[in-house]
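*Asks:* Handing you a structure now.
Taken together, the values in this text are just the output of simple stated rules run on the coordinates, not laboratory data. Quick caveat, the model's predicted, so the values are computed rather than measured. Note that each Cβ is placed from the backbone with ideal geometry, even for glycine, and that neighbours are counted across all protein chains shown.
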Amino acid sequence: MALVADNVSYAYEEGRPFGVDAVRGVGLTLEVGDLLVVAGTTGSGKSTLLRLLAGLLEPSTGSVVVDGVSPGHRDARGAVAIVFQDPETQFFAETLRIDVAFGPRNLGHADAESAADRALSEVGLDPSVYGSRSPFSLSGGEARRGAIAGALAMGARYLLLDEPTAGLDAAGRASIRGALEVERQRSGVIVVTHDPGEFLDSASGIIALDEGRVALSGSVGELYADPSVYERAGLELPPIVRTQLLARASGMPLEQVTLDPGRAAAALVAARGMRS
Amino acid sequence: MRVPSTFGQYVPVDSPVHSLDARTKIGVIALFTLGLFLADGFAGLGGYAVVVAVVLWASHVPPRIALRGVRALGVLLLFTLLAHALRWQPATVTLLRVGPIGVDPEGLRTGVFFAMRIVLLMVGTSLLTLTTTPVQLTDALESLMRPASALGVPSGEIAMMLTIALRFIPTTAQEAERVIIAQTARGARFDEGGLVTRVRAYVPVLVPLFVNLFRRAEDLALAMDSRCYRGGRGRTRLHAAIMTPRDWLVLLLGGAALLAIGITF
Amino acid sequence: MIVFEQAGFVYPGASAPAVDGVSVEVEPGRLLALLGANGSGKSTLARLGNALLVPSTGTVLVDGMDTRDEDAVWDIRSRVGFIQQNPENQIVGTIAEEDVAFGPENLGVAAHEIRIRVDEALEAVGLAGFQRREPHMLSGGQKQRLAIAGALAMRPSYLIADEPTAMLDPVGRADVLRSLRHLRSVGVGVMHITHHLEDVLDADRIIVLSLGRTVFDGTPAELVVDPGRALSMGIELPAEILLAHELRRHGVRLPDGHPAPEDLVEALWPL
């Protein structure tokens, strides 16, 4: 049971607008419980890869397989859900509940509304409060979570998200990360982003794309062991991580690298204590 | 440089055709169109085909792009051809006969003539938009409308509205594509059911599209206010359009020649 | 100088003012950062700065001109450039140079002078050679720099930038920040509105708004001194600054301000 991309490539015809770019020979495997981060700059092909995985584009070469069948297969219908960038700009219905139920209703699910309510609770929006509100009246973080619920309600086993935290303030970003941790209990999650910093502590794996190719693929620990490839792909590690990697490189016996300032400080101070 | 994907969209290269004043091009194309409809023989069409080919070559626009629209017209061309060429149970001699349907040689000739005329019209007029920026075009329209300003027609404002509409066509097209893909990913189908079902299927596309367009319009109004836009009065232009002697020469001689082809052949 | 004097603004039909008695100055060659959570009144204050809105209470003066004076509005706007969050929505022209020319055209500048200004402005934001480029063929960061060039071509003394990096990727964001710093270095007074403290750690002055009121007014160094207080104002300090605080709490002696990773490690583990 997995979402597998095997050596997929895709090239657009000439003259596409900026930011839509080719994918060249990419492979990955996503299983339930995974949180896979796909990092890359604009033009690295990450958004195209997401569309290939969702079955919205047909790969020129290579294949995408969803639990053993192709994305177009009857058994794969609804198995993969995708949340595009700024998904709150796609709201259309009078109430959030009707909007979130749009997906399951299209799939012919008998009880679309209760699927919508379940999805709303999963992203931390109480359906009895938010279900009847206009989706256009929500704050930034609420709207983003409501839009993600629209994908969750489809009952997908694999959830793909493009820049899920972009443009949100600190509180909004934290609420999205929380919702994804919950979602991960029952599905595989891919987050595509140009700024993966905030997901480094929770990611099960990371893939860095550079001009459509896989520059790096492995665990976050492996990334920290040699960040040079990652940096060559135009990506940057958060300063707090760089501090800890630098400390390691200068010989401090630091076991764990973390985004949490309190834990990082304690570990650094402890490591320093070992010197004397 | 990337090539724009929309038919008839400006191709940003330098050429003698690009550097002509837009009013010259509009005038010449008007006379070309008139001449094309006056011509009643293949010789005339041949003449125009040569002219279009020469201008296309001089414009440095890749022929592939200039001809892109012809493919889009394929159905119309085929229909024109068949409507003229085919006869139902023809009494007279025909070129070819399949069951009750026959191909009439005279009709075929007429069909080819009309189809060729459509192609020439299409390619010829598209040379205007391929070699002229939308702003140059709207400036030209503003200038041609200027006599009407005296009667209180806000020609400057109309031209600005046209410019902005043109500016936001690619943006809106991209946005529409984005929303359609997103709703498709949520299981929406746009190709099933009768007319009413299909129209209703577009509600989840049109609502967000309009909401976002209104948002854009608000931002744009602020941006224009901030940059001191206060209507056409007192505005100067970066590219103040000037009719050079070359423009007058092309307009008068070229226009006369084009008209002459149509009248003669 | 742009002087906000006890400036306040109430939207029609709103029960509470969006901006309530804010006093601050935008000075030539200095960078004023304006921070605050969503809905704190940042954008409203920005619009008061170039007469897109006029204050309900208090006054806003631009080089001595009152923004309420209707005769001075165009003079004020030609002195105060304004750019917004979404770069796409503020581009009027169908190619880059036509867009940059839009402001000077509206001001009635002569054609040859517009040409010079357009080329200079594109150069200043690192877009030399992009004159004929169509907006939809530009990246987000390039579009935003095009918008800055459009403001620059009016030769403004001040630039108000309302969350100019919110929709950009890290590369575009760095480019836009660089352009804004360049403007400061050539004497333009910049007011940069953002909810990312990282963007404005080198500001000359920071004010933080909350529910329309000024809750902080000082330097970046003064703001990052107290993480708890910053958080209570809706400002989350960058993790590396919090790390420095934590290390100091553990008794590690660090250089002042917000030290770079290299300095932190040097202080912890001198070789």
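*Asks:* Determine the equivalent ellipsoid of region B:119-197 by diagonalising the alpha-carbon gyration tensor, then write out the semi-axes as square roots of 5 times the eigenvalues, largest first, rounded to whole Å.
*Replies:* Values: eigenvalues 268, 63, 37 Å².
Semi-axis lengths for region B:119-197 are 37, 18, 14 Å.
*Asks:* Shifting gears a bit: Round to the nearest 0.05 the FRET efficiency obtained for residue A:256 and residue C:15 when R0 = 60 Å and r is the Cβ-Cβ distance.
*Replies:* Numbers: r = 50 Å, r/R0 = 0.84.
The calculated FRET efficiency here is 0.75.
*Asks:* Could you work out [θ]222 nm for chain C from helices alone, using -39500 (n - 2.57) per DSSP H run of at least four and dividing by all its residues? Round to the nearest 500 deg cm²/dmol. List each step's numbers first, then the result.
*Replies:* Numbers: 10 runs with 98 residues, N = 271.
For chain C, the value works out to -10500 deg cm²/dmol.
*Asks:* Restricting to DSSP loop positions (anything but H, G, I, E, B) with no more than 14 other Cβ atoms inside 10 Å of their own Cβ, which chymotrypsin sites (Phe, Trp or Tyr not before Pro) remain in region A:101-190?
*Replies:* Here no loop site has a sparse enough neighbourhood.
*Asks:* Right, here's the next one. Between region A:71-85 and region C:160-223, what is the C-alpha centre distance in whole Å?
*Replies:* One Cα centre to the other: 41 Å.
*Asks:* Report, please, the projected area of the protein assembly as shown averaged over directions, based on the convex hull of its C-alpha atoms, in nm². Each step should come with its number before you reach the end.
*Replies:* Numbers: hull surface 168.3 nm².
Hull-based average projected area comes out at 42.1 nm².
*Asks:* From the residues A:227, A:152, A:12, which one has its Cα farthest along the dipole of chain A in the positive direction, the dipole being from +1 and -1 charges on Cβ of Lys/Arg and Asp/Glu about the Cα centre?
*Replies:* Working it through, the farthest residue towards the positive pole turns out to be A:227.
*Asks:* For chain A, modelled as a GNM with alpha-carbon contacts under 10 angstrom, which of A:218, A:141, A:155 fluctuates the most?
*Replies:* A:218
*Asks:* Suppose R0 equals 56 Å; then what is the FRET efficiency for residue A:229 and residue C:63 from their Cβ-Cβ distance, rounded to the nearest 0.05?
*Replies:* It comes to 0.60.
*Asks:* How well do other chains shield peptide A:247-256, expressed as the mean number of their Cβ atoms within 10 Å of each residue Cβ? The partial results should precede the final answer.
*Replies:* Numbers: counts 5, 1, 1, 7, 2, 3, 0, 1, 0, 0.
For this peptide, the per-residue mean of nearby foreign Cβ atoms is 2.
*Asks:* Based on the alpha carbons, how large is the Rg to Rh ratio for chain B when Rh follows Kirkwood?
*Replies:* Values: Rg = 23.4 Å, Rh = 22.3 Å.
Radius of gyration relative to Kirkwood radius: 1.05.
*Asks:* Then there is this: If you take every DSSP beta bridge fully contained in the protein assembly as shown, what fraction is antiparallel? Give it as a percent rounded to 5.
*Replies:* Values: 39 of 75 bridges.
Roughly 50 percent of the DSSP beta bridges within the protein assembly as shown come out antiparallel.
*Asks:* Now a separate question. DSSP beta bridges in chain C, what fraction antiparallel, as a percent rounded to 5? It would help to have the intermediate numbers written out before the result.
*Replies:* Values: 17 of 35 bridges.
Of those bridges, close to 50 percent are antiparallel.
*Asks:* A follow-up question, please. Please name whichever of B:37, B:24, C:191 sits farthest to the positive end of the charge dipole of the protein assembly as shown, dipole taken about the Cα centre and charges placed at Cβ: Lys and Arg +1, Asp and Glu -1.
*Replies:* B:37
*Asks:* Under 1.5 on a/c is rounded, so check that first for chain C, then, if it is not, pick prolate when a/b is larger than b/c and oblate when it is not; a ≥ b ≥ c are the square roots of the alpha carbon gyration tensor eigenvalues.
*Replies:* Working: a/c = 2.23, a/b = 1.34, b/c = 1.67.
Here chain C falls in the oblate category.
*Asks:* Compute and list, largest first, the equivalent-ellipsoid semi-axes of region C:1-121 from the alpha carbon gyration tensor, each √(5λ) rounded to a whole angstrom. Spell out each step's value before the answer.
*Replies:* Details: eigenvalues 168, 57, 38 Å².
Square roots of five times the eigenvalues give 29, 17, 14 Å.
*Asks:* Lys/Arg Cβ at +1, Asp/Glu Cβ at -1, dipole of the protein assembly as shown taken about the Cα centre: which of C:218, A:44, A:202 is farthest positive-ward?
*Replies:* Comparing the listed Cα positions along the dipole, A:44 ranks first.
*Asks:* Only Lys, Arg, Asp and Glu count, each charged at its Cβ (+1, +1, -1, -1), so figure out the dipole size of chain B about its Cα centre, rounded to 20 debye.
*Replies:* Working: 25 positive and 16 negative charges, 80 e Å.
With only Lys, Arg, Asp and Glu charged at Cβ, the dipole is about 380 debye.
*Asks:* Taking trypsin sites (Lys or Arg not before Pro) as candidate sites, keep only those in a DSSP loop with at most 14 other Cβ atoms within 10 Å, then name the longest stretch of chain A containing none of them. Show your work: numbers first, answer last.
*Replies:* Details: sites that count: A:186, A:275.
My reading of the result: A:1-185 is the longest stretch.
*Asks:* Another question, if that's okay. Measure off 7 Å from each Cα along the Cα-to-Cβ vector at residue B:180 and residue A:61, then give the distance between these two points in nanometres to one decimal.
*Replies:* Placing both labels 7 Å beyond Cα along the Cβ direction yields 3.0 nm.
*Asks:* Could I ask something else about it? Would you kindly state how much longer the chain becomes between residue A:129 and residue A:171 on full extension, computed as 0.36 nm times their sequence separation minus their alpha carbon distance, in nm to one decimal? Show your work: numbers first, answer last.
*Replies:* On the way: separation 42, 0.36 × 42 = 15.12 nm, distance 1.97 nm.
Stretched fully, the residue A:129-residue A:171 segment lengthens by 13.1 nm.
*Asks:* List the lysines whose Cα lies under 24 Å from the Cα of residue C:42, skipping any in the same chain that are fewer than 8 positions away.
*Replies:* Within the straight-line limit of under 24 Å, residue C:42 reaches these lysines: C:143.
*Asks:* Of the beta bridges DSSP finds with both residues in chain A, what % are antiparallel, to the nearest 5? Mind showing how you got there, number by number?
*Replies:* Values: 16 of 34 bridges.
Percent antiparallel among DSSP bridges in chain A is about 45.
*Asks:* With all pairs of different alpha carbon atoms counted, what Kirkwood hydrodynamic radius in Å does chain A show?
*Replies:* Values: mean 1/r = 0.0506 Å⁻¹.
Evaluated on chain A, it is 19.8 Å.
*Asks:* Now for a different question. Sort all Cα-Cα distances of region B:51-169 into consecutive 5 angstrom bins from zero, then give the percent of pairs in each bin up to the one containing the longest distance.
*Replies:* 2, 10, 14, 12, 12, 11, 11, 9, 7, 5, 5, 3, 1
*Asks:* Taking R0 as 22 Å, what FRET efficiency do you get between residue B:257 and residue B:15 from their Cβ-Cβ distance, rounded to the nearest 0.05? Don't jump to the answer; show the numbers that get you there.
*Replies:* Working: r = 20 Å, r/R0 = 0.91.
Taking R0 as 22 Å, the efficiency between residue B:257 and residue B:15 is 0.65.
*Asks:* Quick check: pseudo-label points 7 Å beyond the Cα along Cα→Cβ at residue C:260 and residue B:230, how many nm apart are they?
*Replies:* 4.9 nm
*Asks:* Taking the Cα centre of the protein assembly as shown as origin, work out the dipole magnitude from +1 charges on Lys and Arg Cβ and -1 charges on Asp and Glu Cβ, in debye rounded to 20. Could you put the intermediate results ahead of the total?
*Replies:* Numbers: 72 positive and 89 negative charges, 427 e Å.
For the protein assembly as shown, the charge dipole is close to 2060 debye.
*Asks:* Now a separate question. Under 10 Å from the Cβ of residue A:177, count the other residues' Cβ atoms, weight Lys and Arg +1, Asp and Glu -1, and hand me the total.
*Replies:* Details: positive: A:173; negative: A:181, A:198, A:201.
Net charge around residue A:177: -2.
*Asks:* Hey, got the dipole for region A:169-255? About the Cα centre, +1 on K and R Cβ, -1 on D and E Cβ, debye to the nearest 20? Before the final figure, lay out each step's value.
*Replies:* Details: 8 positive and 13 negative charges, 26 e Å.
So the magnitude is around 120 debye.
*Asks:* Does region A:176-270 come out rounded, prolate or oblate, given a ≥ b ≥ c as the square roots of the eigenvalues of its C-alpha gyration tensor, rounded meaning a/c under 1.5 and, failing that, prolate meaning a/b above b/c?
*Replies:* Working: a/c = 2.24, a/b = 1.23, b/c = 1.81.
Because a/c hits 1.5 or more and a/b fails to exceed b/c, region A:176-270 counts as oblate.
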